[in-house]
Every structure is written in structure tokens, then in C-alpha cells.
Amino acid sequence: MIVVIGSINMDLVLRVPRIPAAGETLSGSAFHTIPGGKGANQAVACARLGTGSLPAVAMIGCLGDDGFGALLRAALVAEGIDVSRVSTMPGIASGVATIMVDAAGQNSIVIAGGANDLLSPVHIDAAHDLIAQASVVVLQLESPLATVEYAIRLAHQLGKIVVLNPAPAPATPLPAALLAQVDYLIPNEIEAAMLAGCAPDDIAGASAALHAQGCRNVLVTLGAKGVHAALVEGTLVFAAHPVVAVDSTAAGDTFIGGFVAALAAGAPVVEAIALGQRAAAWSVMRHGAQTSIPHRHALTDTGKPS
Ligand code: RIB
């Protein structure tokens, strides 16, 4: 089983010609509400990118008791994801993300965490049985850091493979004791630089610094420049698939889902990275978060996005 611990948001998405400047009003071309949230996106990606023989996916998170909460729960259920430990918080709004996507496919996101901000160690303890059954536990940073630390400690103590996507980048460096319990840290280049205190283009330096803090493997996603993988076995650089991107929302989440789905099925790390890259390339050619995540059968066997 793959257990994903994290955020569930309704994305309020506006397509705009360009990201507006402060004080500027622009006309957008379309508005959509799309299920999102880094945690939920990664859970959906794990579910869609697994093979028939793969273990199940379970989600641990919090929703509000509003209309968005009901829709977001239904979206996870429709993917076959176990939502028995997704709590509905009375009197609280669900998380939302307002997203602007420009003509080049770049996005700008502002989040109101809502119920996600109430995920606590109590919820983690209530899911102890699920975590104990997991082979891989996946987390991000759209949940309270104390809860993330608590969950990572538990998963590590139980001998699980711990995957942390440190997004959004934290304002301060993560504790070394936390990083030492992470098997795969998967930041983008900005997050890697911020975590390591390096210049934004010093990917090798950032990876080395994060390794030195105890992370076993550091996979830095570089968008159109591919993936820099500083693994226990050595460093590898994977070129990206050349695609015309229309929307990069959830590309990182899709990569992580593909990577984890393959890893949980016992694939070598290099193959898991390749599946994540194929899936992410497919996703940037489509709009939205969960609307852009491919099913495994949609990806060709040639290594190129269909
Ligand atoms: O990673 C993309 C996600 O970030 C969006 O779906 C949005 O909800 C924010 O959490």
C-alpha cells in the first residue's frame, strides 16, 4: 500500500494572457474549479500510474464540511483511493488554491489552507494501522510542519520508504533530524536551493548539501531541463521529454506519483524516475491538476509521451 499524507484543495483556475502586475486588472479567458492539492494530486497520480498488481493507495488529510469538501472526497473515491482517514472538520472551509495560468503554461498559485491546516498528530495516530501496512509513505509541506515531522518519524520507525516533496519551500531550513529520516527528497530547483542555502542554479551543490544533512537520495526536478538524481549509488542526470507545455500545474505531483507507483511495485529507481518523467511530460500538455494526470495505459511503451 502507498499512503499519502497531505493537502486536498479545490483549485480555482483562471487562464490569463500573462500574470498581472500589482494593482493591475486583466481579463482572463476561462475559469474552472478542478480538484487539486499536492497531497491529493500525488495520491491520484499513484493510483492512476500503478499497474494492476500494485498495492492500494490511501490518503490521510482533512477536508472542510462544505460543498468543495464533498466534491473533493468524491474525486478521491472515484480513483479507488481509501479515504477512511480523510477527516471532515466541522465548521471549517476546505483548502482552496487560486491559480493563474499564463499563455506560456507557467502558473502562479496562492493557497488558503483551511482544513489542511488542522491535520494533526492525532490524525496520524488514527491512521497507524494504514501506515503500518504501507510500503511507501509520501508527504509534502502543505500540512503543519509539526505533523509532517511526527508522521515521518513514525513511518521511519516502522521501516517504511519515506518520500518527502518539500513544497511549498519552507521559510526556514528543515531540521537535519527530519531530513535524516527521508529516503527520497524530491524538491524542484527553487526548493532545493532554498533548503540547502545555495544559489538557484547550483543543483549539484544543493544536492550535496542535502545529502550531507542525511537525505539518502535527492531528486531535483528541473522542469524542461529534466531531473538531477543524487542517489546513494551515484549521481545521474535524466533529460526531459521535449514537449510543448500548456500548463505546468501538478507536473511535479505527477512525477512523484509515477515515481512512487513504480517504486512501490519494486521497479529499480532509474525505471521509477523514467515513469515519473513520462507521466509529467504528458501532464504539462494538459490543463489543470488532477485533470492532467495520465493513467498508466495512456503512456506509450516507447518512453515518449503519447
Ligand atoms: O502542485 C499543484 C497544487 O499546488 C495545486 O493543485 C494546488 O492545489 C496547490 O496545492
Ignoring ligands, DNA and RNA, what accessible area per residue does the chain give at 1.4 Å, in Å²?
40 Å²
ILE99: accessible area at probe 1.4 Å, nearest 10 Å²?
10 Å²
In cubic angstrom, how much convex hull volume per residue do the alpha carbon atoms of the range 204-262 span?
99 Å³
ASP11's amide H: which non-local residues (gap 5+, or another chain) put their own amide H closer than 5 Å, with H modeled 1.01 Å from N in plane and none for Pro or chain starts?
ILE34, GLY36, ALA97
Check each of the GluC sites (Glu not before Pro) in the range 177-267 and keep only those in coil by DSSP with at most 15 other C-beta atoms within 10 angstrom; list them in order.
GLU233
Taking only complete DSSP H runs, can you tell me which helices of the chain stretch 15 Å or more along their own long axis by Cα positions and average at least -0.5 on the Kyte-Doolittle scale?
38-49, 67-78, 145-157, 251-264, 269-284
List the equivalent ellipsoid semi-axes of the range 172-304 in whole Å, largest first, each obtained as the square root of 5λ for an eigenvalue λ of the Cα gyration tensor.
25, 16, 13
Along the three principal axes, how long is the chain when you take its alpha carbons, biggest first, rounded to the nearest angstrom?
50, 44, 40
Percent relative contact order for the chain, counting Cα pairs under 8 Å at least six residues apart, stands at 19 percent
Sorting MET100, MET59 by accessible area (1.4 Å probe), largest first, what list results?
MET100, MET59
What is the extension gain from ALA70 to ALA126, computed as 0.36 nm multiplied by their sequence separation minus the C-alpha to C-alpha distance, in nm to one decimal?
18.0 nm
Pop out the carbon and sulfur fraction of the accessible area of the chain as a percent, whole number, probe 1.4 Å.
60 percent
Could you tally the net charge around LEU195, taking each other residue with its Cβ under 13 Å from the Cβ of LEU195, Lys/Arg +1 and Asp/Glu -1?
-3
I want to verify the translational diffusion coefficient of the range 13-132 in µm²/s; compute it with Stokes-Einstein, Rh as the Kirkwood radius over Cα pairs, at 10 °C and 1.306 mPa s.
99 µm²/s
Contour minus Cα-Cα span, THR98 to SER27, at 0.36 nm per residue, comes to 24.0 nm
Which number do you get for Rg(Cα) / (2.2 N^0.38 Å) in the range 233-306?
1.04
Please give the peptides 9-19, 126-136 ranked by average Cβ packing (other Cβ atoms within 10 Å per residue), highest first, as a rough proxy for protection.
9-19, 126-136
Antiparallel %, DSSP beta bridges [both residues in the chain], to 5
40 percent
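Tell me what the chain gives for mean residue ellipticity at 222 nm when only DSSP H runs of n ≥ 4 count, each as -39,500 (n - 2.57), the sum divided by the residue total, rounded to 500 deg cm²/dmol.
Working: 10 runs with 101 residues, N = 306.
So the helix-based figure for the chain works out to -9500 deg cm²/dmol.
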Any idea of VAL243's accessible area? Nearest 10 Å², probe 1.4 Å.
50 Å²
Roughly what % of DSSP beta bridges within the range 179-306 run antiparallel, to the nearest 5?
75 percent
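The values are calculated or read from the model by the stated rules, or taken from the named source; none is laboratory data. Note that the structure is a prediction, hence the values are computed from the model and not measured. Neighbour counts are summed over all protein chains in view; Cβ atoms, including those assigned to glycine, are modelled from backbone coordinates with ideal geometry. Side chains are part of the model used for accessible areas, which takes the heavy atoms of the whole protein and leaves out ligands, DNA and RNA. Shrake-Rupley method; radii C 1.70, N 1.55, O 1.52, S 1.80 Å.
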